[in-house]
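Undergrad: The structure follows.
The values are calculated or read from the model by the stated rules, or taken from the named source; none is laboratory data. Only a predicted model underlies this, so the values are computations on that prediction, with no experimental measurement involved. All Cβ positions, even for glycine, are placed from backbone atoms using ideal geometry, and neighbour counts span all protein chains on display. We work out accessible area using only protein heavy atoms, side chains counted, and drop any ligands, DNA or RNA first. Shrake-Rupley method; radii C 1.70, N 1.55, O 1.52, S 1.80 Å.
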Amino acid sequence: MSASLLRTSVVRYALRASAPKPSTRAGLAGTAFVRGKATLPDLPYDYGALEPAISGKIMELHHDKHHQTYVTSLNNFSEQMAEAKQKEDITAQIALQPMINFHGGGHINHSLFWENLAPTSEGGGEPPTGQLAKAINESYGSLDAMKEKFNAALAGIQGSGWAWLVQDTQTGSISIKTYANQDPVVGQFRPLLGIDAWEHAYYLQYQNRKAEYFKAIWEVVNWKAAEKRLK
Amino acid sequence: MRRYTSLPIALFSLLLRSSTCVFASEQPQQPFEFGAMSASTYSLPPLPYGYDALEPHISAQIMELHHSKHHQTYITNLNAALKTQAEAVHTSDIATQVSVQQGIRFNAGGHINHSLFWQNLCPASSPDAKTSSAPKLFKQIKATWGDEETFRDAFKGALLGIQGSGWGWLVKVEIGKEQRLAIVTTKDQDPVVGKGEIPIFGVDMWEHAYYLQYLNGKAAYVENIWNVINWKTAEERYLGTRADAFKILKASI
Ligand SMILES: [Fe+2]
Ligand SMILES: [Fe+2]
């Protein structure tokens, strides 16, 4: 999962680097080629493109600051982990694991999140088709019934976290699961569609009215991305 | 907001002895119920200062939302969960009694934490905001961490190390006759209620506590909060018992 995300961001930055862009991004592009370094993936749309569901200000801070911090911290702790492995320092490796889980999870989760959103002009909010539509109908009766369950799961998160539509890698069936903080969807389950329920994802626009955010975000869900993740 | 009636205070000691003997101060029009169907009802304790009193360190907009919306929601959800629990006890519905526990823990924690938090803050211009208002506590802080800066750095490090939502607390830990200070972080709304633990002051590290003003710059929030720590309250909690620290909660029943 993370490998493909990293590859994507390398390609994107490679493309960016070839274009004449007098921004600091050109400098970042160089780091994309350092082996094993995570980089911030480019957003596949503009910061303001998800308005009015999600404001441009939120998108900019969320991508350019929050996600960037996860990327920077992940690289920092990965480097420390590499050192600890080289020194065969097991204690240090174990101590670093929660940091890798948190910041690596933050990187993976946000990368998937940007992809599974889209402006309405680019298909955001259009209902799923094919296998995924079938699976949702079979499991929940209808898309609306699934959304209702998903929003209840989001509302039930006590603290920071995510809700995901996941696929069981053993049985192929789909379900809704919540994850605390930045715990990534790994192991038995495959992430299909994720919604960020951290306060930073909505607070500037919705403040304490998070139910309104959960309702609005379906207008910009990119079901095509979720369909591609289904196996 | 707080309801002053003489009866709840008299009844409070009763309440402590028997979980089935409770009084709902929110509904004074109803007769007392001494059956298991009723549950204690909490209400939002008033802020001991105005919403704008902590400016410029914490904006009035944050304070108003935080107190009147977020804290209120914990109380509303706590009261609902307690009612569900009381009914489940009455009907011997053990499955519901168990399933409601996490909701009680979370929302009661939110109520406890925020109630303590408001009290351990004060306007920067207040004499209570000076560390000289906590001479005995400060002596032990210095004995524990060496100097004020080391203590602040340790506290800041703990706050910024929280992964997700949570709180950072300076806690007095009493074990037998021994007593020490500790910096403790808790996740989500877990309250500091462990054996022998008395919260001295806490800092809310949920994003709602600072985001409208500080955005992703939580280090600046953690830096500025020192200006509005109520050291007088901290000293009182340090010298007192847990019941003293939690008296605000009893008053909001
Ligand atoms: Fe996020
Ligand atoms: Fe809070």
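Undergrad: Please work out if residue A:204 is within 30 Å of residue B:218 (Cβ to Cβ) and open to solvent by less than 20 Å² (accessible area, probe 1.4 Å).
TA: Details: within 30 Å of residue B:218 (Cβ to Cβ): yes; open to solvent by less than 20 Å² (accessible area, probe 1.4 Å): no.
Considered against the rule, which asks whether it is within 30 Å of residue B:218 (Cβ to Cβ) and open to solvent by less than 20 Å² (accessible area, probe 1.4 Å), residue A:204 comes out as no.
Undergrad: Has region A:139-155 got any residue that is within 14 Å of another protein chain (Cβ to nearest Cβ), surrounded by 15 or more Cβ atoms within 10 Å (Cβ to Cβ) and under 30 Å from residue B:186 (Cα atoms)? If you could, list the steps in order and put the result at the bottom.
TA: Quick first cut of region A:139-155, residues within 14 Å of another protein chain (Cβ to nearest Cβ) only: A:152, A:155.
From the residues that got through so far, the ones that are surrounded by 15 or more Cβ atoms within 10 Å (Cβ to Cβ) too are none.
Scanning region A:139-155, I find no residue that is within 14 Å of another protein chain (Cβ to nearest Cβ), surrounded by 15 or more Cβ atoms within 10 Å (Cβ to Cβ) and under 30 Å from residue B:186 (Cα atoms), so the answer is no.
Undergrad: Hey, another quick one. For region B:105-151, how many residues are open to solvent by 10 Å² or more (accessible area, probe 1.4 Å) and farther than 19 Å from residue B:210 by Cα? Break it down stepwise before answering.
TA: We begin by selecting, within region B:105-151, every residue open to solvent by 10 Å² or more (accessible area, probe 1.4 Å); these are B:105-108, B:112, B:119, B:123-133, B:135-136, B:138-140, B:142-150.
Restricting the remaining residues to those that are farther than 19 Å from residue B:210 by Cα gives B:105-108, B:112, B:125-133, B:135-136, B:138-140, B:142-150.
So the count comes out to 28.
Undergrad: If you don't mind, another one. For residue B:228, are the conditions met, namely being touching a Cys at 6+ places or on another chain (Cβ under 9 Å) and more than 12 Å from every other protein chain (Cβ to nearest Cβ)?
TA: Working: touching a Cys at 6+ places or on another chain (Cβ under 9 Å): yes; more than 12 Å from every other protein chain (Cβ to nearest Cβ): yes.
It is true that residue B:228 is touching a Cys at 6+ places or on another chain (Cβ under 9 Å) and more than 12 Å from every other protein chain (Cβ to nearest Cβ).
Undergrad: What's the number of the only condition in (1) more than 14 Å from every other protein chain (Cβ to nearest Cβ); (2) crowded, with 21+ Cβ neighbours inside 10 Å; (3) of a type in the set (A, V, I, L, M, F, W, C) that residue A:197 fails to meet?
TA: The one condition residue A:197 does not meet is (1).
Residue by residue, here is whether (1) away from ligand 2 (no atom under 16 Å from the Cβ); (2) free of Cβ contacts under 8 Å to residues at least 40 places away in the same chain; (3) farther than 30 Å from residue B:209 by Cβ holds:
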position: A:108; (1), (2), (3): yes, no, no
position: A:113; (1), (2), (3): yes, no, no
position: A:127; (1), (2), (3): yes, no, yes
position: A:130; (1), (2), (3): yes, no, yes
position: A:143; (1), (2), (3): yes, yes, yes
position: A:146; (1), (2), (3): yes, yes, yes
position: A:151; (1), (2), (3): yes, no, no
position: A:154; (1), (2), (3): yes, no, no
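Undergrad: Sticking with this one: For residue A:129, which of the numbered conditions (1) touching a helix residue (DSSP H, G or I) at 6+ places or on another chain (Cβ under 8 Å); (2) closer than 30 Å to residue A:231 by Cβ; (3) not assigned by TED's automatic domain parsing to the domain that holds residue A:182 fails to hold?
TA: Residue A:129 satisfies all of (1) touching a helix residue (DSSP H, G or I) at 6+ places or on another chain (Cβ under 8 Å); (2) closer than 30 Å to residue A:231 by Cβ; (3) not assigned by TED's automatic domain parsing to the domain that holds residue A:182 except (3).
Undergrad: Would you point out the residue of region B:204-251, among those that are of a type in the set (Ser, Thr, Tyr) and within 23 Å of residue B:165 (Cβ to Cβ), that is most open to solvent (accessible area, probe 1.4 Å)? Break it down stepwise before answering.
TA: Filtering region B:204-251 down to residues of a type in the set (Ser, Thr, Tyr) leaves B:210-211, B:214, B:221, B:233, B:238, B:241.
Going one step further and asking which of them are within 23 Å of residue B:165 (Cβ to Cβ), we end up with B:210-211, B:214, B:221.
Details: B:210: 11, B:211: 3, B:214: 32, B:221: 3 Å².
The residue in question is B:214.
Undergrad: Something else about it: Search region A:89-103 for residues being crowded, with 16+ Cβ neighbours inside 10 Å and away from every other protein chain (no Cβ under 12 Å), and hand back the single one that is nearest to ligand 2 (Cβ to nearest atom). Spell out the reasoning first.
TA: Start the filter on region A:89-103 by keeping residues that are crowded, with 16+ Cβ neighbours inside 10 Å, which leaves A:93, A:96, A:99-103.
Right, trim to away from every other protein chain (no Cβ under 12 Å) and you get A:93, A:96.
On the way: A:93: 35, A:96: 30 Å.
For region A:89-103, the residue satisfying everything is A:96.
Undergrad: For region B:66-104, name all the residues that are within 16 Å of ligand 2 (Cβ to nearest atom) and either surrounded by fewer than 20 Cβ atoms within 10 Å (Cβ to Cβ) or not aliphatic (A, V, I, L, M) (or both). Write out each step before concluding.
TA: Of region B:66-104, the ones within 16 Å of ligand 2 (Cβ to nearest atom) are B:66-78.
Of everything in region B:66-104, those that are within 16 Å of ligand 2 (Cβ to nearest atom) and either surrounded by fewer than 20 Cβ atoms within 10 Å (Cβ to Cβ) or not aliphatic (A, V, I, L, M) (or both) turn out to be B:66, B:67, B:68, B:69, B:70, B:71, B:72, B:73, B:74, B:76, B:77.
Undergrad: A follow-up question, please. I'm trying to understand the selection: among the residues of region A:164-194, which are open to solvent by 30 Å² or more (accessible area, probe 1.4 Å) and either under 17 Å from residue A:150 (Cβ atoms) or within 14 Å of chain B (Cβ to nearest Cβ) (or both)? Steps first, please.
TA: Taking region A:164-194 as the starting set, the residues that turn out to be open to solvent by 30 Å² or more (accessible area, probe 1.4 Å) are A:169-173, A:175-181, A:183, A:186-190.
Those that are open to solvent by 30 Å² or more (accessible area, probe 1.4 Å) and either under 17 Å from residue A:150 (Cβ atoms) or within 14 Å of chain B (Cβ to nearest Cβ) (or both): A:173, A:175, A:176, A:177, A:178, A:179, A:180, A:181, A:183, A:189, A:190.
Undergrad: Is there any pair linking a residue in region B:225-253 that is part of a helix (DSSP H, G or I) to one that is surrounded by fewer than 16 Cβ atoms within 10 Å (Cβ to Cβ), with Cβ under 6 Å and at least six apart or on different chains, and which?
TA: Cβ pairs passing all conditions: B:231/B:131.
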